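To start, the structure under review is shown below, and the notes come after it.
The values are calculated or read from the model by the stated rules, or taken from the named source; none is laboratory data. If you're wondering where the values come from, they're calculated on a predicted model, not measured in any experiment. Quick reminder, even Gly has a Cβ in these numbers, built from the backbone with ideal geometry, and neighbours come from all protein chains shown.
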Amino acid sequence: MWYVGGEFTAAGDNAANNIAKWNGSSWSPLSSGMKQRVFALAISGSDVYAGGYFTTAGGVPPSTSPNGTGAVGSPRSSGMSQEYDWVVALAVSGSGALCGGLFTTAGGSAANNIAKWDGTNWSALVRGRVALWP
């Protein structure tokens with residue numbers, strides 16, 4: 001199974017709101033989709049984490065689903081600080097996720113553009129720089 005996110009209203013011949021899956025032969029929407037853009041996706045088991053600039057995930061408003069990260073169809077706690085904050089990078093391990101982007105709080109706690117979801121709660125990480133060398 002392959003997943004794609006972005007800013008679109010159809011995948012193949014099917015209506016899809018900014019997120020869709022490919023099963024090897026056809027496209028289908030993922031749940032009711034996202035209201036607005038998806039910038040990052042990460043998969044862990046059957047959970048699909050989406051990062052972006054959206055106001056609902058699977059029809060759930062950001063007050064009960066993190067604005068920018070959450071398993072579609074399985075909302076996660078309260079999320080990023082405002083409707084207009086973006087998550088542009090995700091990494092998933094087990095039931096947790098690391099999120100990077102443009103936000104100042106995560107789950108009500110101060111977070112300078114990077115936060116960790118442990119499966120239950122958000123926590124801030126120390127802001128720093130990371131470089132990958134060839």
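Beta carbons closer than 9 Å, at least 6 apart along the sequence or on distinct chains, pair a first residue in the range 105-119 that is among the acidic types (Asp, Glu) and in a loop (DSSP other than H, G, I, E, B) with a second that is buried (at least 19 other Cβ atoms within 10 Å of the Cβ) and modelled with pLDDT of 80 or more for Asp118/Ala97. Evaluate the range 97-111: report whether one residue or more is within 20 Å of Gly45 (Cα to Cα), at pLDDT 55 or above and in contact with a Cys (Cβ under 7 Å, 6 or more places away or on another chain). For the range 97-111, residues within 20 Å of Gly45 (Cα to Cα), at pLDDT 55 or above and in contact with a Cys (Cβ under 7 Å, 6 or more places away or on another chain): absent. Scanning the range 94-126 for residues that are over 17 Å from Gly52 (Cα atoms) and of a type in the set (Ser, Thr, Tyr) yields Ser95, Ser109, Thr120, Ser123.
Could you list, in sequence order, the residues of the range 9-23 that are over 13 Å from Ala57 (Cα atoms) and in contact (Cβ under 8 Å) with a residue 12 or more places away in the chain? Answer for the range 9-23, where residues must be over 13 Å from Ala57 (Cα atoms) and in contact (Cβ under 8 Å) with a residue 12 or more places away in the chain: Ala11, Gly12, Asp13, Asn14, Ala15, Lys21, Trp22, Asn23.
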